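Below: the structure, in structure tokens.
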Amino acid sequence: MDMLVIGIQHHFGWVLVNDPVKLICEMHSPNRGPRRDGLQPQFIILHYTAMATAEAAIERLCDPSAQVSAHYVICKSGRIIRLVDEELRAWHAGSGEWCGFQDMNSRSIGIELDNDGKGAFTKQLMTSLEKLLSTIMAKWDIPPVNVIGHSDMAPGRKFDPGPFFEWNKLEVKGLAEKKLQQMEISRFSVDAFRELAQICGYTAPASDADLLATVRLRYRQGASGPLNAADFAAISDNKKI
Ligand SMILES: [Zn+2]
């Protein structure tokens, strides 16, 4: 429920965000800039707001002193608020790395999901996310495997969209895809797991524990305990494991 989203005051004035006619409403965050080195979006990074309400999150994402933003916020009701034009660089990713790439803000579009990280995402939110993803992916020619979570690129520092985000709902619609490695696995060691995880995109510096926890958030939600064969199986297309 985001029935409290009636209007939000920021330094450009009041903007109504509960217009029942429009799926996407426009606001403008001042926290933006040009994409560096002529880069264009090739990834989409999903976040949760970790706040009680969408209004609180939007206010923060539009506050110049907060120095953070995202291209979109999707409310629990399914309403989509655009804060930064896709052509511009929003400030949502921070430090981290994915597939050897840094400055992920210049390479991505950031979507904040109205969720506190402690429970399920609403059906309306997921439906709007699916529509938005398919539009953005078509526009920028972004493959499903390049739709990632914030945690994926910042292990140990970020945990969103978290253990309650249902990646499989996106996967069955071709809006996300696990990147499975194809190497022979000869041993189930920590070093071997890191090597395989790096092939899947997990190149950011991380402790062994943070790397395992991060990979599980995306590939084995709910798993716990020490590294085991199931973790290798989750990131491999080798059916013999
Ligand atoms: Zn985030």
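The values are calculated or read from the model by the stated rules, or taken from the named source; none is laboratory data. Given the structure is predicted, the values throughout are model-derived calculations rather than measurements. Cβ sites come from the backbone with ideal geometry, for glycine too, and all protein chains shown count toward neighbours.
Residue count for region 130-165 satisfying the condition of being among the acidic types (D, E), in a loop (DSSP other than H, G, I, E, B) and within 11 Å of the ligand (Cβ to nearest atom): 1. Checking region 148-165 against the condition returns no match, with no residue being without any contact (Cβ under 8 Å) to a residue 24 or more places away in the chain and touching a strand residue (DSSP E or B) at 6+ places or on another chain (Cβ under 9 Å). If we scan region 44-55, do we find a residue that is more than 19 Å from L175 (Cβ to Cβ), assigned by TED's automatic domain parsing to the domain that holds V145, among the β-branched types (V, I, T) and under 16 Å from the mean Cα position of the chain (by Cα)? Yes; the residues of region 44-55 include at least one that is more than 19 Å from L175 (Cβ to Cβ), assigned by TED's automatic domain parsing to the domain that holds V145, among the β-branched types (V, I, T) and under 16 Å from the mean Cα position of the chain (by Cα). Within region 32-70, being within 15 Å of the ligand (Cβ to nearest atom), in contact (Cβ under 8 Å) with a residue 24 or more places away in the chain and either assigned to a strand (DSSP E or B) or surrounded by fewer than 21 Cβ atoms within 10 Å (Cβ to Cβ) (or both) holds for F43, I44, I45, L46, H47, Y48, A50, M51, A66, Q67, V68.
The set of residues in region 113-129 being in contact (Cβ under 8 Å) with a residue 24 or more places away in the chain and assigned to a helix (DSSP H, G or I) consists of Q124, L125, M126, T127, S128, L129. Taking region 177-201 as the search range and keeping residues that are within 15 Å of the chain's Cα centre (by Cα) and touching a residue at least 40 places away in the same chain (Cβ under 8 Å), which one is farthest from the ligand (Cβ to nearest atom)? Residue satisfying both the conditions and the ranking: K178.
Of the listed requirements (1) farther than 26 Å from I199 by Cα; (2) more than 12 Å from the ligand (Cβ to nearest atom), A90 misses just one: (2). A residue that is acidic (D, E), within 14 Å of H47 (Cα to Cα) and crowded, with 19+ Cβ neighbours inside 10 Å cannot be found anywhere in region 115-127.
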